[in-house]
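Engineer: If you scroll down you'll find the structure; I have some questions about it.
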Ligand SMILES: [Zn+2]
Ligand SMILES: [Zn+2]
């Protein structure tokens, strides 16, 4: 059995799944924002009994813990040591007052173009220590090409701080400013996240289960929880990831699809290509900070069930603010939910109050409540459909860098529209019409997030760079930098890459049967001096893509 | 992060799967390290730099500029159409006001491609700036356009295409043609009889450094642009003046390119050459992008940058000062010059040989232009490639006067394939967007 728990902003949901991945029990409790463990305990106790505990194979958790720590600024003060060399003006890169710039940097080829000055590093560390700072981020430009410089700085300050976060461990992708932001966030939430992990593990020990505990990451994949504690920044935006994985788990589609989660304040939009959720190309954004954190692509718009509706200069405006619930539920202003009640699309709330809301709104435009409701509903669906089209357009027009992709690149053409959330049933048919998609309403949508977390597989990614001219191989996510022979080939690179990805995934708690690897980047370039090829520049990126675990062979198939 | 002063569009198309040959300078990884540097610097996250996917140019876009022999399909590949399409996308983003300026960081380049195309020369098949410019005029109306070609090689293709166009000012700074391919680009090449002064060539001595380039910019190029008052300034942004470029002999720098771009402030920049793919291009391109976006580029420099090592000689400085003064004088006397060239001729003829170094083709060309005060003048071209393929082309210029058009139609009508020595006869009319072949 699998226990899935989604600790959301408002509710904490728990589900228990059997070997066929069927929901056998579920519970919903209010989230206690002060103490997430309390919510965790409460939801769990409602669906677990002694017998289930023994059969528990795994526990998977999605939580707003890291996100909230950042949003509510419950983070530690972080010192940053940056070694960027020439390029953007350093002041543009300053992340806080505790940022120190030191000399030394790495070039795009991974060469140390200038070395570090030990004295400078020591002075920077001392000045930060003196301020009582205990968490340090160390980030160099192109440290993904050669982590040596960051590692040396780390050696110089070893023991001076409680924890060091290294830029090169955050991601194999390029982007120095994002690497700085990611490393900063990782250091800032490191302590609070580690404490949370301890609490969870204490709790599971207490209730007497030895089942491994996993956490859902931003990319919709899981990681064993104590492994995740090394890079807590990977667990930001676990919530939205759970919602997308939830839809995936309830539909198991293999087509291009759109998923909408229509809530009270916002509608979240996600896309699937051949049934696989799309990842952000560079990394997710949190609180306006662009990071290198691998994460599912979602877009949020301020048009939803409880959006405030009003006329403004002859234009009907919907959202983006929510001022309270719908008037049918005693709220202050008319909302799309009121319109849906008047149109008979849903039976919730006080119909008379909803009619009054539309009357109030129509009064200014001389329309009957019924007509007004129709206009509001159409506009609401229209805005959401426009947003979906805009995102599709953006994704389908994403820059590509080869002639092959230019001519043969995949175009996403959704056939299905999955809708979850309060107004899902009322809006899905019209939205489907507008987008030319078959509407689908996943079952068990009320606990979709917890199911999504429960069934998500372990995901990870590694980046291999081989420079046969310099005879060096780097796998930066693993901190590997080793010599290779000059005749090292692309096939050798692919072999090593697969092997290391496998090791990494197993370490993160992947099950053998879910190690579905995919090469996502595979480039090989000649390096030429004069008119002679002097080496090859091989670049491979491999991943285990987000998806669902497969049922145990003895557990039957999912129904 | 600070939002910059200008919105800058970036059309980046490195064509990682296209090369002339595996060890040719124009090969797959030419923009690889530039991409690395642009991505690592995080330029696309700064808030005022936007990346756009290139469009694909059409046959019609190419036929508005070139006479391709025998046809567009046979002298181009997809890569050329995407490269030209990238330049067009950059232009559209600027013309529509979506961005303030744009940089098409695309390959393969185009500034050695002339009006008649029998094949590739100087790594170029079609002239991507020219295709872009005629697209702009077709879509947004006739505009006065200045092209400033800062590639180290003379932009002889662009010069040829706009030689007779009084609305296009072509300014080229390059390494002296006596010391580098294609061997042309001297101050005496000053525009056709209907466009005297609309071609300005500034050949610089080898080993010219930042000082020399910026001197020419301030004392020659900017004053001429002030006189010409273009609606649009386009920079053919070749990057082979760099001190590490393997096929040229100049001493320009990333910092210099950024400053030049900042002062020139082009509406659209289009990449041309530049073959120091590891040690120059990544830094030059970051510098140019920051300069275009109005951001601080003062910290951009190459890892091995050493101003002392690349300082130009005092002789070079003096030579450049005198050269600039001379060319500025020529520019100021362009009207007198015009009378001298025209005398009372109705048609003026030029004969020349064109060599296609990339494809090893020799072309003999006779071009005639109708002397006209009302437009760029009707042009006819008789061209023979490798002593075998012979064609005749009638080109009615953009903004043509009725007399030139009538004359052109008459000539095209009077010739038929088969009864002469020509394999094909072409008719190109930019105003009507007409392209006929017989
Ligand atoms: Zn060049
Ligand atoms: Zn005329």
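Engineer: Within segment A:528-538, is even one residue under 23 Å from residue A:218 (Cα atoms) and touching a helix residue (DSSP H, G or I) at 6+ places or on another chain (Cβ under 6 Å)?
Structural biologist: Looking for residues that are under 23 Å from residue A:218 (Cα atoms) and touching a helix residue (DSSP H, G or I) at 6+ places or on another chain (Cβ under 6 Å), one finds none in segment A:528-538, hence no.
Engineer: How many residues does segment A:71-88 hold that are part of a loop (DSSP other than H, G, I, E, B) and within 18 Å of residue A:195 (Cβ to Cβ)?
Structural biologist: Taking segment A:71-88 and keeping what is part of a loop (DSSP other than H, G, I, E, B), we get A:72-77, A:84-88.
Subset that is within 18 Å of residue A:195 (Cβ to Cβ): A:72-77.
So the count comes out to 6.
Engineer: Moving on to the next point. What are the residues in segment B:345-375 that are touching a strand residue (DSSP E or B) at 6+ places or on another chain (Cβ under 8 Å), part of a loop (DSSP other than H, G, I, E, B) and away from ligand 1 (no atom under 16 Å from the Cβ), if any? Even if it seems obvious, please write down each step before you answer.
Structural biologist: To start, the set of residues in segment B:345-375 that are touching a strand residue (DSSP E or B) at 6+ places or on another chain (Cβ under 8 Å) comprises B:346-359, B:361-371.
From the residues that got through so far, the ones that are part of a loop (DSSP other than H, G, I, E, B) too are B:346, B:357-359, B:371.
Those that are touching a strand residue (DSSP E or B) at 6+ places or on another chain (Cβ under 8 Å), part of a loop (DSSP other than H, G, I, E, B) and away from ligand 1 (no atom under 16 Å from the Cβ): B:346, B:359, B:371.
Engineer: Quick check on my filter: what residues within segment B:28-56 are without any contact (Cβ under 8 Å) to a residue 12 or more places away in the chain and surrounded by 21 or more Cβ atoms within 10 Å (Cβ to Cβ)?
Structural biologist: Within segment B:28-56, B:40, B:42 qualify.
Engineer: While we're on this one: When only residues in segment A:135-151 that are within 14 Å of chain B (Cβ to nearest Cβ) and not in a helix (DSSP H, G or I) count, which is farthest from residue A:112 (Cα to Cα)? It would help to see each step written out before you state the result.
Structural biologist: So in segment A:135-151, the residues within 14 Å of chain B (Cβ to nearest Cβ) come out as A:139-146, A:149.
The next check asks that each one be not in a helix (DSSP H, G or I); those that pass are A:139-146.
On the way: A:139: 14, A:140: 11, A:141: 10, A:142: 10, A:143: 10, A:144: 12, A:145: 10, A:146: 8 Å.
Filtering segment A:135-151 for residues that are within 14 Å of chain B (Cβ to nearest Cβ) and not in a helix (DSSP H, G or I), the one farthest from residue A:112 (Cα to Cα) comes out as A:139.
Engineer: Among the listed residues B:277, B:286, which satisfies the condition of being more than 16 Å from ligand 2 (Cβ to nearest atom), under 27 Å from residue B:48 (Cα atoms) and modelled with pLDDT under 95?
Structural biologist: So the residue among B:277, B:286 that is more than 16 Å from ligand 2 (Cβ to nearest atom), under 27 Å from residue B:48 (Cα atoms) and modelled with pLDDT under 95 is B:277.
Engineer: If a residue counts only when it is facing chain A (nearest Cβ under 7 Å) and within 30 Å of residue B:389 (Cβ to Cβ), which helices (runs of 4 or more DSSP H) contained entirely in segment B:1-111 have at least 2 such residues?
Structural biologist: Working: elements: B:32-41, B:59-63, B:72-75, B:78-95.
Here the list reads B:78-95.
Engineer: Next up: Go through (1) touching a strand residue (DSSP E or B) at 6+ places or on another chain (Cβ under 8 Å); (2) surrounded by fewer than 19 Cβ atoms within 10 Å (Cβ to Cβ); (3) assigned to a helix (DSSP H, G or I) and name the single condition residue A:320 misses.
Structural biologist: Every condition holds for residue A:320 apart from (3).
Engineer: Taking the conditions exactly as written (surrounded by 13 or more Cβ atoms within 10 Å (Cβ to Cβ) and in contact (Cβ under 8 Å) with a residue 40 or more places away in the chain), does residue A:388 satisfy them or not? Reasoning before the result, please.
Structural biologist: Working: surrounded by 13 or more Cβ atoms within 10 Å (Cβ to Cβ): yes; in contact (Cβ under 8 Å) with a residue 40 or more places away in the chain: yes.
Against the criterion (surrounded by 13 or more Cβ atoms within 10 Å (Cβ to Cβ) and in contact (Cβ under 8 Å) with a residue 40 or more places away in the chain), residue A:388 qualifies.
Engineer: Take the residues in segment A:87-101 that are in contact with a strand residue (DSSP E or B) (Cβ under 9 Å, 6 or more places away or on another chain) and in contact (Cβ under 8 Å) with a residue 12 or more places away in the chain, then tell me which one is nearest to the other protein chains (Cβ to nearest Cβ).
Structural biologist: Looking at the filtered set, the residue picked out is A:87.
Engineer: Consider residue A:74 against the criteria (1) closer than 30 Å to residue A:157 by Cβ; (2) surrounded by 14 or more Cβ atoms within 10 Å (Cβ to Cβ): it satisfies all of them except one. Which criterion is unmet?
Structural biologist: Answer for residue A:74: the failing condition is (2).
Engineer: Within segment B:210-226, identify whether any single residue is touching a residue at least 12 places away in the same chain (Cβ under 8 Å) and in a loop (DSSP other than H, G, I, E, B), and answer yes or no.
Structural biologist: No, because not a single residue in segment B:210-226 is touching a residue at least 12 places away in the same chain (Cβ under 8 Å) and in a loop (DSSP other than H, G, I, E, B).
Engineer: Please indicate, with yes or no, whether at least one residue in segment B:295-304 is surrounded by fewer than 24 Cβ atoms within 10 Å (Cβ to Cβ) and more than 10 Å from chain A (Cβ to nearest Cβ).
Structural biologist: No.
Engineer: Test residue B:336 against the stated conditions and say whether it is assigned to a helix (DSSP H, G or I) and either more than 16 Å from ligand 1 (Cβ to nearest atom) or under 22 Å from the mean Cα position of the chain (by Cα) (or both). Break it down stepwise before answering.
Structural biologist: Values: assigned to a helix (DSSP H, G or I): yes; either more than 16 Å from ligand 1 (Cβ to nearest atom) or under 22 Å from the mean Cα position of the chain (by Cα) (or both): yes.
Spelling it out, residue B:336 is indeed assigned to a helix (DSSP H, G or I) and either more than 16 Å from ligand 1 (Cβ to nearest atom) or under 22 Å from the mean Cα position of the chain (by Cα) (or both).
Engineer: Considering A:84, A:104, A:132, which residue is touching a residue at least 40 places away in the same chain (Cβ under 8 Å), outside the structural domain of residue A:538 (by TED's automatic domain parsing), crowded, with 17+ Cβ neighbours inside 10 Å and on the phi > 0 side of the Ramachandran plot?
Structural biologist: A:104
Engineer: If I go through segment A:240-280 residue by residue, how many of them are surrounded by fewer than 21 Cβ atoms within 10 Å (Cβ to Cβ), touching a helix residue (DSSP H, G or I) at 6+ places or on another chain (Cβ under 8 Å) and farther than 20 Å from residue A:551 by Cα?
Structural biologist: 2
Engineer: Condition first: within 13 Å of ligand 2 (Cβ to nearest atom) and in contact with a strand residue (DSSP E or B) (Cβ under 6 Å, 6 or more places away or on another chain). Now tell me which residues in segment B:376-391 satisfy that. Before the answer, list the steps.
Structural biologist: Taking segment B:376-391 first, the residues within 13 Å of ligand 2 (Cβ to nearest atom) are B:376-379.
Passing the criteria: B:377, B:378, B:379.
Engineer: Find all pairs meeting these conditions: Cβ atoms under 7 angstrom apart; at least six residues apart or on different chains; first residue within segment B:148-171 and assigned by TED's automatic domain parsing to the domain that holds residue B:377 and within 16 Å of ligand 2 (Cβ to nearest atom); second residue in a strand (DSSP E or B) and modelled with pLDDT of 95 or more.
Structural biologist: From segment B:148-171, no pairs qualify.
Engineer: How many of the residues making up segment B:420-438 are farther than 30 Å from residue B:141 by Cα and in a loop (DSSP other than H, G, I, E, B)?
Structural biologist: Within segment B:420-438, residues that are farther than 30 Å from residue B:141 by Cα and in a loop (DSSP other than H, G, I, E, B) number 4.
Engineer: Show me the helices (runs of 4 or more DSSP H) entirely contained within segment A:390-465 in which 1 or more residues are touching a strand residue (DSSP E or B) at 6+ places or on another chain (Cβ under 7 Å) and away from chain B (no Cβ under 14 Å).
Structural biologist: Helices (runs of 4 or more DSSP H) meeting the threshold: A:424-435, A:448-455.
Engineer: Something else about it: Applying the selection to segment A:346-385, what residues are under 21 Å from residue A:260 (Cβ atoms) and out of contact with any helix residue (DSSP H, G or I) (no Cβ under 9 Å at 6 or more places or on another chain)?
Structural biologist: The one that is under 21 Å from residue A:260 (Cβ atoms) and out of contact with any helix residue (DSSP H, G or I) (no Cβ under 9 Å at 6 or more places or on another chain): A:383.
Engineer: Identify all residues within segment B:392-419 that are in a loop (DSSP other than H, G, I, E, B) and either surrounded by 18 or more Cβ atoms within 10 Å (Cβ to Cβ) or more than 14 Å from ligand 2 (Cβ to nearest atom) (or both); write none if there are none. Explain how you work it out, then say what you get.
Structural biologist: Looking only at segment B:392-419, we keep the residues that are in a loop (DSSP other than H, G, I, E, B), and these are B:397-401, B:415-419.
Result: B:397, B:398, B:400, B:401, B:415, B:416, B:417, B:418, B:419.
Engineer: Condition first: on the phi > 0 side of the Ramachandran plot and within 14 Å of chain B (Cβ to nearest Cβ). Now tell me which residues in segment A:509-534 satisfy that.
Structural biologist: Residue satisfying the conditions is A:530 alone.
Engineer: Could you tell me whether any residue of segment A:332-339 is at positive phi and not in a helix (DSSP H, G or I)? Reasoning before the result, please.
Structural biologist: Filtering segment A:332-339 down to residues at positive phi leaves none.
There is no residue in segment A:332-339 that is at positive phi and not in a helix (DSSP H, G or I).
The values are calculated or read from the model by the stated rules, or taken from the named source; none is laboratory data. Please read these numbers as outputs of a predicted model, since none were measured by experiment. Reconstructed Cβ throughout: ideal geometry from the backbone, glycine too, with neighbour counts over all protein chains shown.
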